[in-house]
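Written below as structure tokens is the structure these notes are about.
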Amino acid sequence: MTIADALPPELVAALRRARSIVALTGAGVSAESGIPTFRDAQTGLWARYNPEDLATPEAFRRNPRLVWEWYAWRRQLVSVAAPNPGHLALARLERLAPRFTLITQNVDGLHQRAGSTSVIELHGNLLRVRCSAEGTVYTTWPDVADPPPPCPACGAPLRPDVVWFGEMLPPEALERAWRAATTCDLFLSIGTSGLVEPAASLPRVAYASGATVAVINLDVTNAVEERCFYLHARSGELLPVLVSAAFPDAAT
Ligand code: BV8
């Protein structure tokens with residue numbers, strides 16, 4: 001049986017007729033690009049580091065160089081990674097759907113490199129840094145012998161432009177994501193363990209607002225609600241087939 005044969009026909013039909021589609025992505029979407037996820041025991045970042053030791057403001061205050069170098073290592077991984085067919089399928093879906101909103105928890109910028117143009121980055125982007133005092137965002141910064149480098153304007157340490165645990169999400173991004181989830185008719189939750197709030201509430205909010213929800217993941221349970229689909233699959237394998245099945249006559 002091929003992936004196409006295993007697709008629920010009701011989901012394909014829902015994707016084809018949807019007026020407004022939302023996709024929420026997590027680290028699982030970038031896994032097939034070689035970027036470690038947070039929870040996969042073998043390769044997961046958590047397996048190497050305790051999140052409380054690195055992805056928090058306290059960690060940065062305590063050991064700015066360690067935190068800076070962890071992000072520099074991840075930035076290096078991202079720089080040699082390429083968008084995978086899952087990223088490309090979501091960029092194609094943006095072109096084909098009447099209304100499409102991509103909300104990502106990922107900080108690797110791979111959706112934009114795949115051609116997605118309207119991306120809500122709930123947790124920021126590690127390809128940018130910002131002044132830890134003024135908040136000014138920079139996309140380039142000097143290499144220094146003792147990182148983190150100083151802000152060119154005020155001299156305070158630069159930090160990754162990401163949202164750490166215990167930090168508020170960018171209000172405008174969260175508002176746009178919430179509005180999209182409460183007004184869509186199909187919500188795709190892809191490659192996320194759904195453990196980190198407030199992003200984890202978005203599928204529930206969409207379902208409560210009447211949307212059909214499809215979860216594409218490698219560790220899914222069985223469907224419990226009637227308007228829910230759970231597909232145990234790799235996003236890079238399933239998404240291209242799902243989009244092509246829903247839009248068979250569309251140009252690539
Ligand atoms: C907030 C950026 C209000 C940084 C990230 C105590 C004090 C303070 C806050 C809290 C607290 N207790 C709880 C909280 C809230 C906290 C939270 O949710 N904690 C969790 C751990 C319980 N949230 C926050 O702090 C948020 N802010 O609440 O502000 C506030 C403020 C102060 C006080 C109280 C409240 C901020 C959260 C943002 C944190 N930043 N990232 C960085 O990247 O370094 S989170 C980071 O981890 C990611 O962005 C992502 O969100 C999360 C990882 O989750 P996933 O993406 O789902 O990845 P994961 O590895 O878990 O799962 C991958 C999945 O893919 C798996 O299911 C796997 O099976 C699957 N998969 C693998 N391969 C594939 C696949 N699926 C398909 N195909 C494949 N090929």
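Some points to look at:
- DSSP bridge pairs, the chain: antiparallel proportion in percent, nearest 5: 25
- Using alpha-carbon coordinates, inclination of helix 64-79 to the longest axis of the chain, degrees: 40
- Per-atom-type breakdown for the chain gives carbon and sulfur 55% of the accessible area (1.4 Å probe, protein chains only).
- Peptide ranges 240-252, 186-198 listed from the most packed, as the mean C-beta count within 10 angstrom indicates: 186-198, 240-252
- Taking amide H atoms as placed 1.01 Å from N in the peptide plane, the amide H of V162 lies under 5 Å from those of N125, each 5 or more residues away in sequence or on another chain.
- Mean Cβ count within 10 Å, highest first, over the residues of peptides 1-9, 89-97, 14-22: 89-97, 14-22, 1-9
- With 10 Å bins beginning at zero, the pair-distance distribution over Cα atoms of the chain amounts to 7, 31, 34, 19, 8, 1, 0 %.
- Rg and Dmax of the stretch 159-252, Cα atoms only, in Å: 15.1, 46
- Computed log₁₀ I(q)/I(0) - Debye formula, equal Cα scatterers, no solvent, the stretch 86-201, q 0.22, 0.23 Å⁻¹: -1.26, -1.33
- Where the stretch 1-152 is the region considered: accessible area per residue in Å², 1.4 Å probe: 47
- The stretch 81-143 - convex hull of the alpha-carbon atoms, volume per residue in Å³: 97
- Rolling a 1.4 Å probe over the heavy atoms of the protein chains gives the stretch 212-252 an accessible area of 54 Å² per residue.
- Nearest-ten-degree value, helix 235-246 long axis tilted from longest Cα axis of the chain: 40
- Theoretical gain in end-to-end length, H232 to A72 [0.36 nm per residue, Cα-Cα removed]: 54.3 nm
- Cα centroid of the stretch 134-180 to Cα centroid of the stretch 1-30, whole Å: 33
- Mean Cβ neighbour count within 10 Å, used as a protection proxy, ranking 156-168, 70-82 highest first: 156-168, 70-82
The values are calculated or read from the model by the stated rules, or taken from the named source; none is laboratory data. In this text, all values refer to a predicted model and were calculated from it rather than measured experimentally. In this analysis, Cβ positions are derived from the backbone assuming ideal geometry, glycine residues included, and neighbour counts consider all displayed protein chains. Note: accessible area is taken over every heavy atom of the protein model, side chains too, but ligands, DNA and RNA are not part of it. Shrake-Rupley method; radii C 1.70, N 1.55, O 1.52, S 1.80 Å.
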